[in-house]
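Asks: This structure is in structure tokens; I'll ask about it shortly.
The values are calculated or read from the model by the stated rules, or taken from the named source; none is laboratory data. Since we're looking at a predicted model, the values are computed, not measured. Glycine gets a Cβ as well: all are built from the backbone with ideal geometry, and neighbour counts include every protein chain shown. Just so you know, the surface numbers come from the protein's heavy atoms only, side chains and all, with ligands and any DNA or RNA stripped out. Shrake-Rupley method; radii C 1.70, N 1.55, O 1.52, S 1.80 Å.
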Amino acid sequence: MPTKSSARKNPPQRNRRSVPIQPHILIFDVDGVLVDVRGTYWRSALETVRYLSGKRVTYAELHRWKSKPGYNDDWAMVAAWVSALGKPTNYDEARAAFEKFYWGSDGKPGNVRNEKILVTAKQIEKWAGRFELNLFTGRTRQEFSFTFERWPAMKYFRTIITMDDAKRKPDPEGLKKILGERDPALALYLGDNIDDALAARDAHVPFMAIIAPREHRYRQRAARFRELGALALLPRARELNRWLG
């Protein structure tokens with residue numbers, strides 16, 4: 001029976017009976033996994049919705065929208081959200097407004113400047129010594145390059161699939177492009193969004209969810225990840241080491 005102190009540590013949840021003994025290929029999502037996007041994409045989404053709808057919206061509402069399938073794409077989410085608030089908005093309109101807050105406009109710096117990488121280059125190097133590393137992100141190539149082109153760990157990733165290279169999640173095309181003809185069971189995908197889990201399920205790739213116990217709607221999101229076959233719920237990407245050994 002665990003002690004109170006051990007119970008508070010919230011160790012990653014595992015299902016060893018269905019987890020591959022050792023994956024050969026690690027595939028990472030970017031936002032919420034390798035990068036903290038609370039001050040970038042999340043803030044830009046809120047500011048865009050407020051700007052287009054003229055109404056105040058909250059982070060709690062943002063999380064409700066992000067938990068719906070198909071809204072890993074922030075522009076699609078914003079368009080649907082603003083439309084639901086009574087201001088019909090299409091995808092291109094949402095994207096144009098969002099990018100002003102994300103990139104900046106009229107000489108004002110954008111929220112992209114707030115981006116913070118969560119995993120050290122040294123940790124990436126250690127994983128690269130044992131596994132093939134790849135990235136499958138919902139970012140555009142431009143957004144990805146702005147943050148990562150000077151990151152020393154980029155050299156360790158074999159394939160990078162962005163929004164410009166494959167169909168948008170939850171479509172599994174990006175995962176399939178990374179794997180080619182290789183057995184999906186040899187891979188492991190880490191993501192933080194329901195669309196990541198759906199893409200992994202449809203590509204038959206084992207999946208682990210990045211979700212911290214203190215996050216908004218943790219119980220509901222965690223339950224949904226488990227329903228979609230997540231092998232573990234990790235509070236942060238580096239906790240993967242506790243599973244890989």
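Asks: Taking the stated definitions as given, is Ala222 under 16 Å from the mean Cα position of the chain (by Cα), in a helix (DSSP H, G or I) and at pLDDT 95 or above?
Replies: No: the conditions fail for Ala222.
Asks: What number goes with the only condition from (1) assigned to a helix (DSSP H, G or I); (2) touching a residue at least 12 places away in the same chain (Cβ under 8 Å); (3) farther than 30 Å from Ala223 by Cα that Met154 does not pass?
Replies: All conditions are met except number (2).
Asks: For the stretch 167-189, name all the residues that are among the small types (Gly, Ala, Ser) and in contact (Cβ under 8 Å) with a residue 40 or more places away in the chain.
Replies: Answer for the stretch 167-189, where residues must be among the small types (Gly, Ala, Ser) and in contact (Cβ under 8 Å) with a residue 40 or more places away in the chain: Ala185, Ala187.
Asks: Can you name the number of the only condition in (1) over 24 Å from Arg221 (Cβ atoms); (2) open to solvent by less than 50 Å² (accessible area, probe 1.4 Å) that Asp106 fails?
Replies: (2)
Asks: Quick one: in the stretch 225-245, which of the residues that are touching a strand residue (DSSP E or B) at 6+ places or on another chain (Cβ under 9 Å) and basic (Lys, Arg) is surrounded by the fewest Cβ atoms within 10 Å (Cβ to Cβ)?
Replies: The residue in question is Arg242.
Asks: Quick check: anything in the stretch 49-56 crowded, with 20+ Cβ neighbours inside 10 Å, in contact (Cβ under 8 Å) with a residue 12 or more places away in the chain and out of contact with any strand residue (DSSP E or B) (no Cβ under 9 Å at 6 or more places or on another chain)?
Replies: Yes, the conditions are met somewhere in the stretch 49-56.
Asks: Further question on the same structure: Does Asp196 satisfy being open to solvent by 30 Å² or more (accessible area, probe 1.4 Å) and at pLDDT 95 or above?
Replies: So Asp196 fails the test.
Asks: Given (1) at pLDDT below 95; (2) in contact with a helix residue (DSSP H, G or I) (Cβ under 8 Å, 6 or more places away or on another chain); (3) surrounded by 15 or more Cβ atoms within 10 Å (Cβ to Cβ), identify the lone condition not met by Val37.
Replies: (2)
Asks: Another one. So in the stretch 168-192, with the set limited to residues that are in a helix (DSSP H, G or I) and open to solvent by 70 Å² or more (accessible area, probe 1.4 Å), which one is farthest from Phe157 (Cα to Cα)? Full working, then the answer.
Replies: Initially, the stretch 168-192 is screened for residues in a helix (DSSP H, G or I), giving 173-179, 184-186.
Keeping just the survivors that are open to solvent by 70 Å² or more (accessible area, probe 1.4 Å) gives 176-177.
Details: Lys176: 16, Lys177: 14 Å.
If we take residues in the stretch 168-192 being in a helix (DSSP H, G or I) and open to solvent by 70 Å² or more (accessible area, probe 1.4 Å), then Lys176 is farthest from Phe157 (Cα to Cα).
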